[in-house]
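The values are calculated or read from the model by the stated rules, or taken from the named source; none is laboratory data. Here the structure is a predicted model, which means the values were calculated and not measured. Heads up, the Cβs are rebuilt from the backbone with ideal geometry, glycines too, and the neighbour counts pull from every protein chain shown. SASA here: full protein model, heavy atoms, side chains in, ligands and nucleic acids out. Shrake-Rupley method; radii C 1.70, N 1.55, O 1.52, S 1.80 Å.
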Amino acid sequence: MTAELTATPAPEASFGTQFGAVLMRHLRLLGRQPAYLSISLMQAVIWLPLFGSLFRHVADVPGFDGGRSYLGYLTPGVVAMTALFTSGWAGMGFIQDMEGGVMDRLLTSPARRGALVAGPIAYQAVMITIQTVIIVVLGWALGTHFRSGPAGALVLLVAAVLLAAFISGLSITLALLVRNEESLIAASQFIVLPLTFLSSAMMPRDLLPGWIATVARYNPVDWAITAGREALGADPDWTAAGWRLGALAALAVATGALAARAFRTYQRSL
Amino acid sequence: MPPTSSSAIRTVADEPPKRLSASGSAAPAVEAHELVKTYPGRRGAPPVRALSGAGFTVPAGTVFGLLGPNGAGKSTTVRILTTLTSPDGGRASVAGYDVRRQAGRVRRAIGVVTQKSGVDPEATGRENLVLQAYLHGLTGRAARSRVSELLDQFDLAAPADRLARTYSGGMLRRLDVAIGLVHRPAVLFLDEPTTGLDPQARSAMWAEISRLTTEGLTILLTTHYLEEADRLAARVALIEGGRIVVEGSPDGLKSELRGDALELELAGELDDSGGPGPAAVTRLRERLLALDAVHEVRVVGRRLHARVADGAGTLPAVFAAVGGTGLAVSSATVARPSLDDVYLRYVGHRFTADTGAGTGTAREAGR
């Protein structure tokens, strides 16, 4: 039976093969958990009308410069919030894999650390794409005019995907460092909520208190919102949107690389 | 040189690995030297030294058993050899590759079955296998046919498309082994493969492991079941306190003990502790050791353990000697030496007692 062992060994797996296999694992899981999928989609549907009517009168405040409709102003904010609230949990799957033996199995296989990180991040990108489409269609159905047409919506989508990638990378890095669910939940809450509210998601920067306006300027969540909002406006400043997307992309790559590095710290604890 | 299984296995590598043994025979599948690993203590506790200079050699194409109680350093050794973690000191090579400097090569050459199941419970058995195949670069039709072959081999064809979380413990373990074999590794690591299995699933797993060895695979098995090491491993190493205490073939180790294990249950005048009094024990030892065939007499409670050259043949003389002290024998057992006796000799106490179980049949209850 030595024949079985002398068979030509498989060539080394490419990054693409490993990445695809890891992504498939997550996508399949999504299909098998209809409850998770519908709750995720539901939050996309609920927040826009909810915050839209809650803060409706913001549009009447003197100095509000977000176009005539608050809903139109709010749409990119809700997209960014959804990205944060979904991708903030990306590290959870890693914790589950560590608690079972799946992580050990993956780490003793030739799987590249980059593929183990890029797969789940790509899965988050798929999720936020679906959610963004729902929110934009809903906004449109509720009477919002996206004056720049499909190009603007596309920029918003790209901003949302990059933000989700950035946050997922952060969440995965944290998961590999703290290694237990409780700490990851606490850390996620600590990051996600302030990032949402220290931005122009609900209110134009001019109306924010001074220090919050300053913080918002350096908040990547605000970059995604501003880029999306700019692109959806009547007269988009593509350059302003462009550099924010670039900065988000750089951050996403940086946290992804950080997550791949964090495996070393994790393995030192084994 | 005939095409030995070991040289065939090594085609997994792109280039021939460096020969590590000076003897000129095939390079060993696993070589560990003076491995040291210390874990930082939690919350101010002192650091825990898991390994303090463990070393051993596994010849290619054999089953090697690493036997020791919980906490002896078995899993740490496996984690180092499978590149999951790095040693603080010492070096090791697997399939000819250094576990630290050539971790990628090692990972392509090994299959790993960890103590905790590596099965993704939310995927089917087939999907678990396909994922592993793709990670190893086995794709498309080649992956599908290899996966079907393994599902058949491990008797998992029927539940193949059910979610793994519906599997029984035995099925999960078989799937774990199948996952470890997808890429036809040179060395398979089995970390306590039968812990937690019921006796029936355990014997099925033993049969499966024995079958694998006939295919020329090198297997490193850790266990805290003496019987498992005895039955499956061509060589065993006893590990205790992060060190290898003794290494050899089970039969070789047992024959070094020279003689059978004799156990008597004493009756007659016993004191409060349930055994004969100190004076009686001294007399008993003297009389028994006066017999040529008898050495190493220990009395624990009402049980007497002795090592006897020809157990059955010496029994009448032993009975006579016991009778001469005024005690009687209520039962006697003569057994060929077991690995437990080897353990007793090298570590100083019984293996079974050490793992928190009693004697006798409690061997099964090591955990």
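Return the ratio Rg/(2.2 N^0.38 Å) for the range B:25-88, where Rg is computed over Cα atoms only.
Normalised Cα radius of gyration, the range B:25-88: 1.26.
Over the range B:258-336, what is the relative contact order in whole percent, taking alpha-carbon pairs under 8 Å and six or more residues apart?
48
Sorted by accessible area (1.4 Å probe), largest first, how do A:Thr17, B:Thr124 line up?
Ranking A:Thr17, B:Thr124 by accessible area, largest first, yields A:Thr17, B:Thr124.
Quick one: divide the alpha-carbon radius of gyration of chain B by 2.2 N^0.38 Å and tell me what you get.
1.16
Below 14 angstrom from the Cβ of A:Ala187, what's the summed charge of the other residues (Lys, Arg +1; Asp, Glu -1)?
That sum, taken over residues with Cβ under 14 Å, equals -1.
At 1.4 Å probe size, with the rest of the protein present, what percent of the exposed accessible area of the protein assembly as shown is carbon and sulfur atoms?
58
Once the Cα gyration tensor of the range A:208-259 is found, what semi-axes does its equivalent ellipsoid get, as square roots of 5 times the eigenvalues, in whole Å, sorted largest first?
21, 17, 7
Over the protein assembly as shown, how many percent of alpha carbon pairs lie in each 20 Å bin up to the one with the longest distance?
Spelled out bin by bin, the protein assembly as shown gives 17, 38, 26, 14, 5, 1 percent.
In Å, what Rg and Dmax follow from the Cα atoms of the range B:282-344?
Considering the range B:282-344 through its Cα atoms, Rg and Dmax are 11.4, 34 Å.
Could you work out how far apart the two model spin labels at B:Arg162 and B:Ser52 are, taking each label as a point 7 Å from the Cα in the direction of the beta carbon, and quote it in nm?
Between B:Arg162 and B:Ser52, the label points sit 4.9 nm apart.
Solvent-accessible area per residue for the protein assembly as shown at a 1.4 Å probe radius, Å²?
43
What does the extension gain come out to for B:Ser148 and B:Arg211, with contour length at 0.36 nm per residue minus their alpha carbon separation?
20.8 nm
Which one, B:Ala267, B:Ala178, B:Ala207, has the greatest fluctuation when you compute a Gaussian network model over chain B with C-alpha springs under 10 angstrom?
Top of the fluctuation ranking is B:Ala267.
State the number of lysine pairs found in the protein assembly as shown whose Cα atoms come within less than 23 Å, restricting to pairs 8 or more positions apart or on distinct chains.
4
Checking an interface number: how much accessible area is buried between B and A, summed over both chains, with a 1.4 Å probe, in Å² rounded to 100?
3500
Which log10 I(q)/I(0) values does the range A:24-99 give at q = 0.20, 0.22 Å⁻¹ under the Debye formula, counting every alpha carbon as one identical point scatterer?
With no solvent term, the Cα-only Debye profile gives -0.91, -1.02.
Please find, in a Gaussian network model of chain B (springs between Cα atoms separated by less than 10 Å), the residue of B:Pro28, B:Pro159, B:Pro276 whose mean-square fluctuation is greatest.
Sorting by GNM fluctuation, first place goes to B:Pro276.
Whole-Å semi-axes of the range B:104-185's equivalent ellipsoid, largest first, each the root of 5 times a Cα gyration tensor eigenvalue?
19, 15, 10
What number, in nm² with one decimal, is the all-direction average of the projected area of the convex hull of the alpha-carbon atoms of the range A:148-270?
Mean orientational projected area (the range A:148-270, Cα hull): 8.4 nm².
Round to a whole angstrom and tell me the spacing of the C-alpha centers of the range B:193-245 and the range A:156-229.
Here the two parts' Cα centres lie 51 Å apart.
I need two numbers for the range B:87-150: Rg to one decimal and Dmax as a whole number, Cα atoms only, in Å.
14.7, 44
Can you give the translational diffusion coefficient of the range A:17-268 in µm²/s, computed by Stokes-Einstein from the Kirkwood radius over Cα pairs at 4 °C and 1.567 mPa s?
Calculated translational D: 69 µm²/s.
If you place +1 on the Cβ of every Lys and Arg, -1 on the Cβ of every Asp and Glu, and leave all else neutral, what size is the dipole of chain B about its Cα centre, to the nearest 20 Debye?
Value, rounded to 20: 1220 debye.
Give, as ranges by residue number, the residues of the range B:275-307 whose backbone N falls under 15 Å from the point 7 Å along Cα→Cβ of B:Val246.
B:296, B:307
Which one of A:Ser14, B:Ala207, A:Val58 is farthest out on the positive end of the charge dipole of the protein assembly as shown, using unit charges on Cβ (Lys, Arg +1; Asp, Glu -1) and the Cα centre as origin?
Most positive-ward Cα: A:Val58.
Let's test the formula: R0 of 51 Å, r as the Cβ-Cβ distance of A:His145 and A:Ala186. What FRET efficiency results, to the nearest 0.05?
0.80
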